[in-house]
Amino acid sequence: NAGVTQTPKFRVLKTGQSMTLLCAQDMNHEYMYWYRQDPGMGLRLIHYSVGEGTTAKGEVPDGYNVSRLKKQNFLLGLESAAPSQTSVYFCASRDLAGGRSAQYFGPGTRLLVL
Amino acid sequence: DAKTTQPPSMDCAEGRAANLPCNHSTISGNEYVYWYRQIHSQGPQYIIHGLKNNETNEMASLIITEDRKSSTLILPHATLRDTAVYYCIVKGGSNYKLTFGKGTLLTVNP
């Protein structure tokens, strides 16, 4: 049981390049989330999904797109990377057991946009 | 979701109990108190959560006051590996997301 995994662990992009971050969970969780964490800002929610085939915007969705084609995977895409998207990205998931269930986080993807 | 207030930092001696306070005076009846921690450069780690009763698991204990306006996370025997930022979060059942504040940096000293 690997929990929540993220690919890649680290990436350097040039401004304008695109990339996709992959999040996978093997806990059969319904909900999945993408957060970003910047120094002094705490975690901010980018997008989330309440089930396969659904996505919704969080606090800071601009510049990102997501897809949830399979229940176990949640992809975060950057179509045209900008230096402001330099951050650490965390994926999380939780099950459907009411609103009281906990979120479980992946190890993070460190992205540097030059 | 209710706002929480935590001290920015605390120190604890290795082997002693670490008691981390959190104020959430505007908490409403259906909101839970969650505790997470983040060790440097790692993803946040779930610790424990509760509604109104005290809770205990293999990691920690959560004490919630009777009026639910504050809580305390207790790490019974702190180790150096418990050095981390600890986040107290109040979240209602209908809210999907967690809102992380600045948390408390707990430093466990040898």
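The values are calculated or read from the model by the stated rules, or taken from the named source; none is laboratory data. All figures in this text were calculated on a predicted structure; none of them were measured in a lab. Cβ placement follows ideal geometry from the backbone for every residue including glycine, while neighbour counts extend to all protein chains displayed. Ligands, DNA and RNA are stripped out before the accessible areas are found, and what is left, the full protein with its side chains, is counted by its heavy atoms. Shrake-Rupley method; radii C 1.70, N 1.55, O 1.52, S 1.80 Å.
Modelled this way, with points 7 Å down the Cα-to-C-beta line, the labels at A:Glu30 and B:Ser28 are 2.1 nm from one another. Comparing B:Ile39, B:Ile64, B:Ile74 in a Gaussian network model of chain B (Cα springs below 10 Å), the most mobile by mean-square fluctuation is B:Ile39.
Any chance you could tell me what percent of the C-alpha pair distances in the protein assembly as shown go past 22 Å? Walk me through the intermediate numbers first.
Numbers: 12978 of 24976 pairs.
The share of Cα pairs beyond 22 Å in the protein assembly as shown comes to 52 percent.
What residue among B:Glu58, B:Glu31, B:Glu66 has the largest mean-square fluctuation in a Gaussian network model of chain B, using Cα springs under 10 Å? In this elastic network of chain B, the residue with the biggest mean-square fluctuation among B:Glu58, B:Glu31, B:Glu66 is B:Glu58.
What FRET efficiency comes out for A:Phe10 versus A:Glu59 if R0 is 22 angstrom and r is the Cβ-Cβ distance? Round to the nearest 0.05.
On the way: r = 24 Å, r/R0 = 1.11.
After rounding to 0.05, the efficiency reads 0.35.
Annotation: per residue accessible area for segment A:24-108 equals 42 Å², rounded to a whole number [probe 1.4 Å, protein chains only].
Considering every residue in B:41-52, what mean count of other chain Cβ atoms within 10 Å of its Cβ is obtained? Intermediate values should be presented prior to the final figure.
Details: counts 4, 5, 15, 10, 3, 7, 1, 1, 3, 1, 1, 0.
Across the residues of B:41-52, the mean count of other-chain Cβ atoms within 10 Å is 4.
Would you mind telling me which residue in A:Arg94, A:Arg11, A:Arg36 has the biggest mean-square fluctuation in a Gaussian network model of chain A, where springs connect alpha carbons within a distance under 10 angstrom? Checking each option, the largest mean-square fluctuation is seen for A:Arg11. You can think of it this way: the chain between B:Lys52 and B:Lys102 has 15.6 nm of extra reach, that is 0.36 nm per residue less the Cα-Cα gap. Taking 19 Å as the limit for the C-alpha separation, the pairs B:Lys52/B:Lys102; A:Lys9/A:Lys70; A:Lys14/A:Lys57; B:Lys3/B:Lys52; B:Lys3/B:Lys102; A:Lys70/B:Lys97 exceed it in the case of B:Lys52/B:Lys102; A:Lys9/A:Lys70; A:Lys14/A:Lys57; A:Lys70/B:Lys97. Mean projection of the Cα convex hull over all viewing directions, computed for chain A: 6.7 nm².
Between the C-alpha center of segment B:49-110 and that of segment A:1-51 there is a gap of 24 Å.
Note on A:40-49: average number of Cβ atoms from other chains within 10 Å of each residue's Cβ is 3.
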